[in-house]
1. Checking the conditions here, which among 248, 283 is of a type in the set (Val, Ile, Thr), assigned to a helix (DSSP H, G or I) and touching a strand residue (DSSP E or B) at 6+ places or on another chain (Cβ under 8 Å)?
2. Can you go through 46, 39, 78 and tell me which one is among the hydrophobic types (A, V, I, L, M, F, W, C) and either touching a Phe, Trp or Tyr at 6+ places or on another chain (Cβ under 6 Å) or touching a residue at least 24 places away in the same chain (Cβ under 8 Å) (or both)?
3. Mind checking which residues of segment 517-542 are surrounded by fewer than 19 Cβ atoms within 10 Å (Cβ to Cβ), more than 15 Å from residue 500 (Cβ to Cβ) and of a type in the set (D, E, K, R)?
4. Within segment 94-113, can you find the residues that are closer than 30 Å to residue 25 by Cα, of a type outside the set (S, T, N, Q) and in a helix (DSSP H, G or I)?
5. So which residues in segment 525-555 are assigned to a helix (DSSP H, G or I) and closer than 24 Å to residue 586 by Cβ?
6. Return the residues of segment 275-301 that are open to solvent by less than 30 Å² (accessible area, probe 1.4 Å), out of contact with any Phe, Trp or Tyr (no Cβ under 9 Å at 6 or more places or on another chain) and under 17 Å from residue 183 (Cβ atoms); say none if nothing qualifies.
7. Quick one: which of 485, 410, 472, 438 is at pLDDT 90 or above, polar (S, T, N, Q) and open to solvent by 10 Å² or more (accessible area, probe 1.4 Å)?
8. Tally up the residues in segment 451-469 that are open to solvent by 10 Å² or more (accessible area, probe 1.4 Å) and part of a strand (DSSP E or B), please.
Amino acid sequence: MTDSPEGLFAKREQRFLSQEERFASKHRWIGWFRLAFVVGAVAACVLLFYYDKPAIGLSILLAGYFIFAGLIHWHNKVEYKRKHQLYLGLINRAEQERLRGNFKDLLADGQEFEEPNHYYTADLDVFGSNSIFQLLNRAVTRLGQQRLAQWLKAPAAPAEILARQEAVAELAPDLEWRQNLQARGMHHHRKTQQLPQPFLLWLKNPNFFEGKAWLAVATFLFPLLTIASIIYWSQEGGSHYPFVGLVVIQFLIAVKYQRQRDEYYEESTGMYETLQSYTDMLVHIEGRTFQSAKARHLQQQLKIDDKPASEHVRQLASIIQYLSARLNTYLNFILNHALMWDFIWMWRLERWKKTMSANIGEVLNAAAEFEALASLAAFQYANPDYAIPVISPEPFQFDAEKLSHPLIFSLGRTANSLAFSGAGHTALITGSNMSGKSTFLRAVGVNMVLAFAGAAVCAKRLTVYPAQVYTSMRTEDNLAENTSSFYAELKRLKILIDLTATGQPVYFFLDEILKGTNSHDRHEGAMALIRQLHKRFCSGFVSTHDLELGNMEDELPGSVENFSFNSYFDNGQLHFDYTLRPGICKSFNASQLMRQMGIEV
């Protein structure tokens, strides 16, 4: 019998954490061995020097240095493996928590991506605590999270949706590859939270050596002359003046360009810190063979001059390592005033810039897209009962079977079915308090957002025409702006009217329409709005307590349809079935609820 995703995640968590303990034990053992080796080597050298065998002592000291360096490298590799197993264990624990609806320990909630007055994200809980973003996100880097957020904030073109679906279908079953991509990013989690915009801007700055051909020649000529002057000085009868003269000239050049040298070091160190965090993920992406067109295209962006992008990053690491020799004050004085050290590596760094400045944006974009695709794939894998939506070319076709809200995690959550098509259609939903009207509107809206991002949807089946989603559901007063809740709703409706006037296809979701005014104005205003939207290239949902709006089904037959959620009392207890039914609601519970609260009605 095949394990459920939750059962498989539990087994993987246990296995990886067990392996982490094994590597932790090995890591401690190597640490003690390193200490014992150092003590033994030093003791041996002291004894050999004491017994007047300095040559052997120095040989052991030199050999010991290289052996100790090898032990450090081994120690670090074991520590990396230990952390990697730990991260894989935590990833599988997080997958289980998601399936239970517990998001508190997840990496990010995406709150920083929320935009004031966005078309739908606030109403549909796309970002923030217990959000759609937390449900989907497995991206570790800030760029990957940013890309996923962009996908959730705007519908993709139909061709792009299909391309993402194909790539997600390829990545979804490859659990090992996806989780290892995520774990590799977690090794440098703090660094990957930094956006690389300052680094990208620096790449566009003019090169230091531009217009300084003489300095480029001097950079490589002076070190050779300095070495030659030292050889000449060491000869019998040789003078030290050539050496001193060359050192003075290099000293003056170093002082003249001190600011530029410092700037190159600081900026390049920042580049290295930013890109080094992506190296592990780039190597992982480069090492897989992809079949889907989108994944293959993204992988191609990771080749620069027929070399993997990760190799260019390693080249940068080598340059920065040599440039960092300036941190040693005494070594810095010798290297820069005798061998033009900083200038040599600045020149090498500019060579690196020429290769990478036009390509680094594509490299980072590809890495971010892979993280976003892996997030959608992990969501699809964890929810095998969810449907892959069919993207329809027929305007406003919406055909959902057993659709429900993905942020409701109870086993008994109610699913509903609904179908309509064509512009100018309004599903008018009436119902009693707490019967499920708002939740249903959010369920439909959220699943549309998921579908238009390229993700699976919480339904048995969904066919949908791609269009802009727009909501007016949680309008509140704003004391700072001196705005009442009714005026806030009117402002949201004005944005909808302006949006639909452009001809852009729109799905609208209006909850408790015009709730902030008297019943007559609410009724007349709602009817006028529905008539206006009926003439636009849009369709959508309106929930209301105003039963008289149901008469519009006769006024606009085939365009306005009545649906309802109902409740009933049994032995003094209020019950809901959260089931969508055709027709106007016939049961309301407000008066009974007030009686239960002691209000004499």
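The values are calculated or read from the model by the stated rules, or taken from the named source; none is laboratory data. Here the structure is a predicted model, which means the values were calculated and not measured. Ideal geometry is used to build each Cβ from the backbone, glycine not excepted, and the neighbour counts take in all protein chains shown. When the accessible area is computed, the model is the full protein with side chains, heavy atoms only, and any ligands, DNA or RNA have been set aside. Shrake-Rupley method; radii C 1.70, N 1.55, O 1.52, S 1.80 Å.
1. 283
2. 78
3. Answer for segment 517-542, where residues must be surrounded by fewer than 19 Cβ atoms within 10 Å (Cβ to Cβ), more than 15 Å from residue 500 (Cβ to Cβ) and of a type in the set (D, E, K, R): 521, 524.
4. 94, 95, 97
5. Within segment 525-555, 526, 527, 530, 547, 548, 549, 550, 551, 552, 553, 554, 555 meet the criteria.
6. 277, 278, 279, 282
7. 438
8. 3
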